[in-house]
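The values are calculated or read from the model by the stated rules, or taken from the named source; none is laboratory data. Keep in mind it's a predicted model, so treat the numbers as computed, not measured. Don't worry about glycine lacking a Cβ; one is built from the backbone with ideal geometry, like all the others, and counts go over all protein chains shown.
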């Protein structure tokens, strides 16, 4: 059985969403992890979740506290879905939220939609624990 496919188009937003998270994948993850650890050590209250084998990392927090990494993408909330702050999906996020929950995990509290990629998992509620985020 093949996975269901969803066709989306993206356009640039007229007004960027306020940044609420930042996501990195593959080679960018170590840099985002390192800056997250620096900011947590400086007192920032950030939350994070990672994919299997830490192939991706999403860090959530106040806009001023979010870490930076070259190649990472800032995300904002659009109808309960994290999407790039500068891009708008079509169909709109409001129409995509429930189908995305069914495609991923209906219990997923966090869904991030990026061009060509959907990330889903539990919404982190506790601040980042530096021991959890430290590289293995």
Check: Of all residues in region 54-72, how many are closer than 12 Å to residue 19 by Cα and surrounded by 21 or more Cβ atoms within 10 Å (Cβ to Cβ)?
Finding: 5
Margin query: Go through region 100-121 and report how many residues are out of contact with any helix residue (DSSP H, G or I) (no Cβ under 9 Å at 6 or more places or on another chain), at pLDDT 80 or above and at negative phi.
Written below: 6
Next item on the list: Name, by its number, the condition in (1) under 19 Å from residue 110 (Cβ atoms); (2) in contact with a strand residue (DSSP E or B) (Cβ under 9 Å, 6 or more places away or on another chain) that does not hold for residue 30.
Entry: (1)
Margin query: List the strands (runs of 3 or more DSSP E) inside region 1-90, counting only whole elements, that have at least 3 residues being free of Cβ contacts under 8 Å to residues at least 60 places away in the same chain and out of contact with any helix residue (DSSP H, G or I) (no Cβ under 8 Å at 6 or more places or on another chain).
Written below: 73-78
Checklist line | So residue 31, is it more than 15 Å from the chain's Cα centre (by Cα) and at pLDDT below 95 | finding: no
Next item on the list: Scan region 62-89 for residues that are at positive phi and at pLDDT 95 or above and report the count.
Entry: 1
